[in-house]
Amino acid sequence: DGARPGPMGEGDPEPPTEPAPAGPVMEKEPNGARTNASVLPINGGLRGSLSQPDKADPLDEDWYVLTLPGPGSQQVRVQLSPEDGSDYTLVWKTAQSRAVEAPKTRKRRRKKPSNPEDLATIDRGKAGEVEVFPPTILKPGRHYFQVRLARSKKAQPYAPERGYRLTTIVIDPEPGMEHEPNDTREEAGGIRPGETRQGYLGWYGDGDWYEVDLSGVPE
């Protein structure tokens, strides 16, 4: 009739939607800090890139957050796959920021303290090779990861942009597995007499702490 359609009401069909764009999920810039970390998909892939360092941005770093809904813990594996010949490092970060303690100045020669926010630094492969955060049991909540260029003595080849992919695999854990992080006394995993735990030392510097619960056990 040429009449203009009225406002949509109950029972009206949903308006047409545009199809989702094809291609891999991209990181959301800016994501150079914990506060603006890009969201990592559960059981999926994501593509990111690091810009060439310069005076204005001496070291580009990408932050990502993986949120496990719960209610139980999940086994998580994260793979960093270069799309070029660059050498990358994958870092598992603490759930919250930690203050960096100032080094003591009494001794002239002293090792630079490691970043207290780094739970694991995965940098085993050479340039162009994948880096894997091994299957690890993580509790529900937010878990942060960082991608950066490897800090080696050998200079990285020039590239205006360095592309990579992050892939996550999240599955139900096997019973009796350790829960990470458990590399300090304060975060020790609980175990009762007669129980069995299976754990892994998944990266350089990894250590596992356990607390034996003797409550209700005869002397």
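Run down GLU219, GLU211, GLU161, GLU186 and say which single residue is farther than 30 Å from ASP84 by Cβ, open to solvent by 90 Å² or more (accessible area, probe 1.4 Å), at pLDDT below 90 and not aromatic (Phe, Trp, Tyr).
Working: GLU211 fails: at pLDDT below 90; GLU161 fails: farther than 30 Å from ASP84 by Cβ; GLU186 fails: at pLDDT below 90.
Answer to the selection: GLU219.
Given TYR204, TYR200, TYR144, which one is at pLDDT below 90 and either surrounded by fewer than 11 Cβ atoms within 10 Å (Cβ to Cβ) or touching a helix residue (DSSP H, G or I) at 6+ places or on another chain (Cβ under 9 Å) (or both)? Steps first, please.
Details: TYR200 fails: either surrounded by fewer than 11 Cβ atoms within 10 Å (Cβ to Cβ) or touching a helix residue (DSSP H, G or I) at 6+ places or on another chain (Cβ under 9 Å) (or both); TYR144 fails: at pLDDT below 90.
When all the criteria are applied, what remains is TYR204.
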| said: Looking for something closer than 29 Å to ILE42 by Cα and aliphatic (A, V, I, L, M) - is there at least one such residue anywhere in segment 150-160? | reply: yes
| query | In the list GLY202, GLY216, GLY194, which residue meets the criterion of being assigned to a loop (DSSP other than H, G, I, E, B) and within 23 Å of the chain's Cα centre (by Cα)? | reply | GLY202
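Taking the conditions exactly as written (of a type in the set (Ser, Thr, Tyr), at pLDDT below 85, touching an Asp or Glu at 6+ places or on another chain (Cβ under 6 Å) and within 23 Å of THR121 (Cα to Cα)), does SER38 satisfy them or not?
Answer is no for this residue.
The values are calculated or read from the model by the stated rules, or taken from the named source; none is laboratory data. Computed from a predicted model, the values in this text were never measured in an experiment. Neighbour counts run over all protein chains shown; Cβ positions are idealised from the backbone, glycine included. These area figures cover heavy atoms from the full protein model, side chains too; ligands, DNA and RNA do not enter into them. Shrake-Rupley method; radii C 1.70, N 1.55, O 1.52, S 1.80 Å.
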